[in-house]
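Notes to accompany the following structure.
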Amino acid sequence: MLAIWHVIASIPKGRVATYGGVARAAGYPGRARLTAFALRTTSPDLHLPWYRVLGAGGRIVFPINSRHHKEQARLLRSEGVPVALGRVPRSLIADEPA
């Protein structure tokens, strides 16, 4: 989990990464769900930029009208990341974060 948290913490402001990209960079290729688990079990005290982690293709994975979806879109926009229809431009996805 520490490696995944480290990768997430290193995603720069204004950029995003996918769950799979984070897992790959942390040394767990093919383990995108492990990234999701690591985020779900993270202490809020770590202050990880969880909102910079997206599903495949730059998609917010929460249901579109959910509180989490709206919060993630708001936080991304506050960093200058455009969000349209629950997606961000592919050009902003870090291929290999950290």
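Quick note: the coordinates plus some simple rules give every number you see, no bench work behind them. These numbers were taken from a predicted model, which means no experiment stands behind them. When we count neighbours, we look across all protein chains shown, and the Cβ atoms used for this are built from the backbone with ideal geometry, even at glycine.
HN-Hα J couplings of the range 21-38 from phi, Karplus 6.51/-1.76/1.60, θ = phi - 60°, integer Hz, Gly and Pro as x?
Taking θ as phi minus 60°, the curve returns x, 5, 4, 4, 5, 7, x, 10, x, x, 10, 4, 5, 5, 4, 4, 5, 4 Hz for the range 21-38.
Among ALA84, ALA26, ALA36, which one shows the biggest mean-square fluctuation in a GNM of the chain, springs joining Cα atoms closer than 10 Å?
ALA84
Got a sec? How would ILE8, ILE93 order by Cβ neighbour count within 10 Å, fewest to most?
Ranking ILE8, ILE93 by Cβ neighbours within 10 Å, fewest first, gives ILE93, ILE8.
When only C-alpha pairs under 8 Å and at least 6 residues apart count, what is the relative contact order of the range 1-71, in percent? Can you show the working numbers first?
Numbers: 80 pairs, mean separation 23.9, N = 71.
Relative contact order for the range 1-71 comes out at 34 percent.
Calculate, in whole percent, how much of the Cα-Cα pair population of the chain lies beyond 17 Å.
44
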